[in-house]
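The values are calculated or read from the model by the stated rules, or taken from the named source; none is laboratory data. Only a predicted model underlies this, so the values are computations on that prediction, with no experimental measurement involved. Positions of Cβ are backbone-derived with ideal geometry, glycine not excepted, and every protein chain shown enters the neighbour counts.
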Amino acid sequence: MTDTRAPADVRFAEPGARWRAVAYGPLICLIVLILELVLGHGPVHWFGLIFCAALLAGFVSLQVVAGKRHVSVELTDTSLREGAETLELSRIAAVLPEHDDESWDDDDWQSARALGELAGVPRRRKGIGLKLRDGGLVQAWARDHRRLRAELTAAIEGRAAGEQAAEDQASDDEEGTR
């Protein structure tokens, strides 16, 4: 399945993991190999370094695939994708205010279900409370949570303004036909 969306549709995106991380382990092994060759103190560990480079690249590749699948975030004009779960913006009633760090009490949304297939908000990400139109609460999350909050708020307010304009136009059309 190919993605035909234009990049301009994306308001906010975090990849979750980057493929460049796969190269770090083999790069370190290459540096060690070059040092062994240049310094010439003892035997060069060809097999060990190549084996370690391949092993590191394999394990990190698995982590990158998992990160891209489960910890990536994408906000468009119509939907919010958190990991493997997509939430239509039309289902969101409001973006709740940020938690006051000075407060002793937790906000209700902090104990709500986190979007995505994970048990909670992923590490190094911060939750954003969302009130759904059906009255439920959920948590969106991102590393750059302030920018996601701003983009989400703008998208929802823009959608609400567009819906209001469409309703006003429909009522004007009905009055014009009478």
Worksheet item: Of the numbered conditions (1) touching a residue at least 40 places away in the same chain (Cβ under 8 Å); (2) exposed (fewer than 12 other Cβ atoms within 10 Å of the Cβ); (3) more than 20 Å from the chain's Cα centre (by Cα), Arg18 satisfies every one except a single condition; which is it?
Response: (3)
Practice prompt. Keeping to segment 78-118, report how many residues are among the aliphatic types (A, V, I, L, M), free of Cβ contacts under 8 Å to residues at least 40 places away in the same chain and in a strand (DSSP E or B).
Written response: 1
Worksheet item: Applying the selection to segment 77-102, what residues are buried (at least 18 other Cβ atoms within 10 Å of the Cβ) and among the β-branched types (Val, Ile, Thr)?
Response: Ile92, Val95
Discussion item. Between Gly40, Gly48, Gly58, which is under 30 Å from Arg123 (Cα atoms) and in the same structural domain as Ala21 (by TED's automatic domain parsing)?
Written reply: Gly58
Worksheet item: Restricting attention to segment 33-53, does a residue exist that is within 24 Å of Ala142 (Cβ to Cβ) and surrounded by 15 or more Cβ atoms within 10 Å (Cβ to Cβ)?
Response: no
Practice prompt. Only residues that are polar (S, T, N, Q) and surrounded by fewer than 18 Cβ atoms within 10 Å (Cβ to Cβ): list them for segment 120-157, please.
Written response: Thr153
Practice prompt. Give Arg113, Arg159, Arg81 a once-over and let me know the one that is over 22 Å from Arg11 (Cα atoms) and of a type in the set (Lys, Arg).
Written response: Arg113
